[in-house]
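Encoded as C-alpha cells, the structure appears first; notes follow it.
The values are calculated or read from the model by the stated rules, or taken from the named source; none is laboratory data. As the structure is a prediction and not an experimental result, all values here were calculated from the model. Note that each Cβ is placed from the backbone with ideal geometry, even for glycine, and that neighbours are counted across all protein chains shown.
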Amino acid sequence: MNSQIQNPKSQQGIFCRPESLKDVPTHYCAGCGHGIAHRILAEVIDELGIRESTVGVAPVGCAVIAYEYWNFDTSEAAHGRTPSVATGIKRVRPELTVFTYQGDGDLAAIGTAEMIHTANRGENITTIFVNNAVYGMTGGQMAPTTLLGQKTATSLKGRHELREGHPIKVCELLSGFSGVKYLARCALNKPNRILEAKKAIKKAFNVQIEGKGFSLVELLSPCPTYWGCSPEDSLKWVDDNMVPYFPLGEIKNI
Amino acid sequence: MQIFMLKSEISNLQSRVLMSGNEAVAEAAIRAGCRAYFGYPITPQNEIPAYMSWRMHEVGGAFIQAESELAAINMVYGAAATGVRAMTSSSSPGVSLKQEGISYLAGSELPAVILNVMRGGPGLGNIGPAQADYFQSTRGGGHGDYRTIVLAPHTVQEAVELTKLSFDLADKYRNPVLLLIDGILGQMMEPIDSWGEMPEVPRVEKTWALTGAKGRAPHKICSFFIKDGMLEQHNKKLQEKYKKIEKNEVMVEMYDTDDAEIVIAAYGISARLCKEVVRKMRSDGVSIGLVRPISLWPFPYNAIPNGIKKVFVVELSAGQFIDDVKIAVNGRCPIEFYGKTGGAFFSVEEIIEAIEGRI
C-alpha cells in the first residue's frame, strides 16, 4: 500500500493542515463534528497518497459545500442521490477512489433507495455517513436517526415510536448485503474515538483500493446547535444518548 | 423484442440494416461514443436497456439497470461529470421522475442525452404512442430557469442521425439534450441506410471534467451558488448560452411549402403522416405544405411563411405544440388544431378529413 506522506511539514513531525484540506474557514457551527470528520478524512487521503486520484461527492445538508473545503476533485449531488452520482463516476473511471459524504437525512431518508441498492450492488465506493440525529441545514427537524424522546423542530414533544417510528440503524440495515464489505460505527466525541474513526476510514478506503466492494463508516457526530446544548455538553450527549442505541465498533469486515 | 442479428454482426455493421427505432438509437449512441448508459425498465422503450446491457459491455462502457429513474439520471450525472458521454432513456412517467436530475444537469452544465419514447398520459396512462410531453420537454419540466435542447426525429434513419447530433450538441454547449420520439417510432422497424460519419468521436476537450486533481487545481461540479449575487451571475451565463443555442441550432424541414397557401405544422411521428397527407392533398389540387420542426427547442419561430391562409397543427396530444406555433404565427393567420390523445393514433385519411372540413 502506498502510504507516502504528501505534506512536507508532516514529514518533519509538525502538526499541520493536510494537503487534502483547503486553507479556508468553514461555515460549521461551534462544536460541530463536520470539521473533525473533514480533517480525518483529509488525513487519510493524504496518508494513502490518493489526493490526485480521489473524487468526493458532497451531499445536500450541512456539508453541502464540503467541496469548498476539500482540495481534490468533487461533485455535488441532488439530495439523497449521492451514491448514484458516485456510482456513475466510479463505473466509468474505476481508477479513481470515489467516496460519498452524507448526512442522516440524505442517506437514510430521501436517499434510502439509492443507498440500499448502491450497497447491495457492492459498488466499489466508500461512504462517510455523518449521523447527528437531526436535520441541521434546514433548522433542526427530525431525522431518520433522531432518538426516541429527542425533541426537534418537527417532533416538539420528542420522537415517539408510535408516531414517528424508531430511529434507523444504518450499519445494521446494510450488514446483510453480500456486496457490503466493510461497516464501522465510530464517534467523534473523544480523542481516542476520533483516532479510531480515522483508522476505520482508512480501512474503508483500502477496501475500495483493493477492489473488494462497498464500504461505509458511520460517524456519530455532535450537533450542539440543534441538540440545544453547549459544545462541551454535546460530547457527553453522544455518550448518553447516541452510543447506547448506535453501538460502536466494526459491524462488518470481510 | 428479440435481437435479430448476431452480436458480432451488429458490431461490424456497415451496410443497410433493418432495426427498430429503439435499438437503432441505442446503436447510434454507441457509435457516437456513448460509454455509459443507466436506465430503468418502462414500456415502450425496453429494447434500449436490453440492447445496451450487452452492447455497452462489448465496447467497454458502463451499463447499470438502476433501481429507479432517479438513480439512473443521477448515475448519468456522475458519469457525465467525468467527461464520458452518457445517456439514459425512458418513457413519459419515467421522464417525469428524471426531471430533478435534468434540472441539476442543466444547472451544473453537464452534457448528457435523455431519450423519451413518449406514451399516453397523464399518470400511468397507457403504453400507446403520444406526443403529450411537449410542454414538459420544451418548458423545462424541472425547477429553475433552464433549457434543454429538444430534437424530434420522424424516421428511424433520422433518429440515428439526431442521436449522434445530440451527443455533439450536449458536449458543445455543456447542456442536456432531450431526444423525443414516441411509442410507434421506438417500436417500428425501418431500414437504416447509413450510420453517418461516426468516427472515434470528435471530442470537445473537457477541461472541466473530474479526472483526479493531478498537476492541476481541483475541479468541482455543482449547481449551488450560495454567495450573494453568484447564482444570478450563473443564471446570466446560462441565459447567454441559451441565446447562442437559439441563434445557431434551429432545425426545421420545409416540405412543399414554397407555393403553399395552407400549411400543416407537425413534428415527429405526426409529421411523418402529414407528409403523406400533403402528397395526397396536393394530388387533389390543394396547395398545401408541411412545416416540420426538428428542434423543438430552440423552436423555429421564423419558419411559418408569410401569406399563408391557414395553419393546421397536428399532434398526438390535446394541443401543446400549438402554443409555439401560435407564437410563430403571431396572429398573421388563423390556426386550427387536430389531435388525438390517450395513446390513440390517427390515420392519414382522418387527418385529411379533418383538414378538408376546415379549409
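Pairing residues of the range B:224-239 that are over 24 Å from A:Val57 (Cα atoms) and within 12 Å of chain A (Cβ to nearest Cβ) with residues that are surrounded by fewer than 15 Cβ atoms within 10 Å (Cβ to Cβ) and hydrophobic (A, V, I, L, M, F, W, C), at Cβ distances under 6 Å and at least 6 apart in sequence or on separate chains, gives no pairs at all. Residues of the range B:124-136 that are buried (at least 24 other Cβ atoms within 10 Å of the Cβ) and part of a helix (DSSP H, G or I): B:Tyr134 alone.
Filter the range A:52-73 for residues that are within 18 Å of the chain's Cα centre (by Cα) and assigned to a helix (DSSP H, G or I) and give the result. Within the range A:52-73, A:Ala66, A:Tyr67, A:Glu68 meet the criteria.
Which one of B:Tyr51, B:Tyr77 is out of contact with any Gly (no Cβ under 9 Å at 6 or more places or on another chain), surrounded by 24 or more Cβ atoms within 10 Å (Cβ to Cβ) and aromatic (Phe, Trp, Tyr)?
Numbers: B:Tyr77 fails: out of contact with any Gly (no Cβ under 9 Å at 6 or more places or on another chain).
When all the criteria are applied, what remains is B:Tyr51.
If only residues of the range A:95-110 that are aliphatic (A, V, I, L, M) and either within 13 Å of chain B (Cβ to nearest Cβ) or closer than 19 Å to A:Ala42 by Cβ (or both) are counted, the one that is surrounded by the fewest Cβ atoms within 10 Å (Cβ to Cβ) is A:Ile110. Annotation: A:Thr127 fulfils all but one of (1) touching a Ser or Thr at 6+ places or on another chain (Cβ under 7 Å); (2) crowded, with 21+ Cβ neighbours inside 10 Å; (3) farther than 25 Å from B:Leu105 by Cβ; the unmet one is (3).
Considering only residues in the range A:14-51 that are without any contact (Cβ under 8 Å) to a residue 60 or more places away in the chain and under 19 Å from A:Lys203 (Cα atoms), the one that is surrounded by the most Cβ atoms within 10 Å (Cβ to Cβ) turns out to be A:Ser20. Could you count how many residues in the range A:173-195 are surrounded by fewer than 20 Cβ atoms within 10 Å (Cβ to Cβ) and under 14 Å from the mean Cα position of the chain (by Cα)? So the count comes out to 1.
Assess whether A:Ala86 counts as being part of a helix (DSSP H, G or I) and either more than 10 Å from every other protein chain (Cβ to nearest Cβ) or more than 17 Å from the chain's Cα centre (by Cα) (or both). No: the conditions fail for A:Ala86. Among the residues of the range B:226-237, just one is modelled with pLDDT of 95 or more and in a loop (DSSP other than H, G, I, E, B), namely B:Gly229. Residues that are under 20 Å from B:Thr211 (Cβ atoms) and within 11 Å of chain B (Cβ to nearest Cβ) within the range A:46-67 comprise A:Ile50, A:Arg51, A:Glu52, A:Ser53, A:Thr54, A:Val55, A:Gly56, A:Val57, A:Ala58, A:Ala66, A:Tyr67, listed in sequence order.
For the condition in contact (Cβ under 8 Å) with a residue 60 or more places away in the chain, outside the structural domain of B:Val160 (by TED's automatic domain parsing) and within 27 Å of B:Leu162 (Cα to Cα), what is the one hit in B:Pro305, B:Pro293, B:Pro300?
Working: B:Pro305 fails: in contact (Cβ under 8 Å) with a residue 60 or more places away in the chain; B:Pro300 fails: in contact (Cβ under 8 Å) with a residue 60 or more places away in the chain.
Of B:Pro305, B:Pro293, B:Pro300, the one residue that is in contact (Cβ under 8 Å) with a residue 60 or more places away in the chain, outside the structural domain of B:Val160 (by TED's automatic domain parsing) and within 27 Å of B:Leu162 (Cα to Cα) is B:Pro293.
Of all the criteria given as (1) touching a Leu at 6+ places or on another chain (Cβ under 8 Å); (2) over 25 Å from B:Asn116 (Cα atoms); (3) of a type outside the set (Lys, Arg), the one not satisfied by B:Ser347 is (2). Summed over the range B:54-106, the residues that are over 20 Å from the mean Cα position of the chain (by Cα), among the polar types (S, T, N, Q) and at the interface with chain A (Cβ under 7 Å from one of its Cβ atoms) give a count of 2. You will find that of B:Ala209, B:Ala217, B:Ala213, the residue that is surrounded by fewer than 20 Cβ atoms within 10 Å (Cβ to Cβ), out of contact with any Ser or Thr (no Cβ under 7 Å at 6 or more places or on another chain) and not assigned by TED's automatic domain parsing to the domain that holds B:Tyr37 is B:Ala217 and no other. With respect to (1) out of contact with any helix residue (DSSP H, G or I) (no Cβ under 7 Å at 6 or more places or on another chain); (2) outside any helix (DSSP H, G or I); (3) not charged (D, E, K, R), the lone exception for A:Ala78 is condition (1).
Within the range A:75-94, the set of residues being surrounded by 24 or more Cβ atoms within 10 Å (Cβ to Cβ), touching a Lys or Arg at 6+ places or on another chain (Cβ under 8 Å) and over 22 Å from A:Ala108 (Cβ atoms) is empty. When B:Gly289, B:Gly285, B:Gly212 are checked against the criterion of being within 14 Å of another protein chain (Cβ to nearest Cβ) and farther than 27 Å from B:Gly140 by Cβ, B:Gly212 stands alone in meeting it.
The single residue among B:Lys275, B:Lys243 that is exposed (fewer than 13 other Cβ atoms within 10 Å of the Cβ), within 29 Å of B:Ala132 (Cα to Cα) and not assigned by TED's automatic domain parsing to the domain that holds B:Arg119 turns out to be B:Lys243. If you go through the range A:210-254 one residue at a time, how many are among the charged types (D, E, K, R) and surrounded by 14 or more Cβ atoms within 10 Å (Cβ to Cβ)? Selection size over the range A:210-254: 6.
Of all residues in the range A:110-138, those that are farther than 19 Å from A:Thr97 by Cβ and modelled with pLDDT of 95 or more have Cβ atoms under 6 Å from Cβ atoms of residues that are of a type in the set (Val, Ile, Thr) and crowded, with 20+ Cβ neighbours inside 10 Å, 6 or more apart or on another chain, in A:Asn131/A:Thr145; A:Ala133/A:Thr145; A:Ala133/A:Thr146; A:Val134/A:Thr152.
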